[in-house]
Each structure stands twice: as structure tokens, then as C-alpha cells.
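Down below is the structure, laid out as C-alpha cells.
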Amino acid sequence: MEKLQSLEQFEKLKKNERVVFMFSADWCPDCRVIEPILPSIEADYPEYQFIYVDRDEFIDLCGELSIFGIPSFVAFHEGEETGRFVSKDRKTKEEIEAFLNSLSA
């Protein structure tokens, strides 16, 4: 998964056709739990570009987007937010897949 490097990159990437930003942090135990399943999710949803956003490096962006719990996912299509799976709860593979499936519905 590509890692976000700058706010300028975020603004550019969110204008892509289908992009999902995953907000996470190295110290987050719930984020570590889903790490092993992320490659298979990426493989199963090739129509999406997945971008890792380090919550600590982009705390202001998290505030702007009301991301107060991690791991969280926010999807964009051509600059418009199309969905979010944001909470402080641990996420399962099935929940992440259901979120991604809801984006194309």
C-alpha cells in the first residue's frame, strides 16, 4: 500500500477515479491486527487505489476529515467523498469488504 507523503499529494490523489485512504498509526494495536489482511483486500479490489495515511504525520488532515478513531477508511471518487468507515472499533475483513462493496452500490 502506498504511503501518503504530503497534503499536496492527498489533494491530487483524492481527485482520482477510485481511491481509499486508510488512516492508521504504528502504535495502534487494532491497525496491526488488520495489516495481514490488507494485501488480499487490495488484490480483491483492484479498481481502488489504496493509500496509507499515518495519523500522527497528518493529524490536521484527520481533524479536517473528522477522523478521530483508527483504523478508518475514507473513499473518494474524482474529488468527492463517496463513503467512510470511521470508528474507534477494530475492523474485520468482512466489515472492510462490506464497506468497499457499498461504494459501488
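Scan the stretch 77-85 and tell me whether some residue there is surrounded by 13 or more Cβ atoms within 10 Å (Cβ to Cβ), of a type in the set (Val, Ile, Thr) and in contact with a Cys (Cβ under 8 Å, 6 or more places away or on another chain).
Within the stretch 77-85, none of the residues are surrounded by 13 or more Cβ atoms within 10 Å (Cβ to Cβ), of a type in the set (Val, Ile, Thr) and in contact with a Cys (Cβ under 8 Å, 6 or more places away or on another chain).
With the condition kept exactly as written, say whether any residue in the stretch 13-23 is of a type in the set (Asp, Glu) and at pLDDT 95 or above. There is no residue in the stretch 13-23 that is of a type in the set (Asp, Glu) and at pLDDT 95 or above.
Among the residues making up the stretch 73-100, a single one is of a type in the set (S, T, N, Q) and modelled with pLDDT of 95 or more: 82.
The values are calculated or read from the model by the stated rules, or taken from the named source; none is laboratory data. All values reported here derive from a predicted model rather than from experimental measurement. Every residue, glycine as well, gets a Cβ built from its backbone with ideal geometry; the counts of neighbours run over all protein chains shown.
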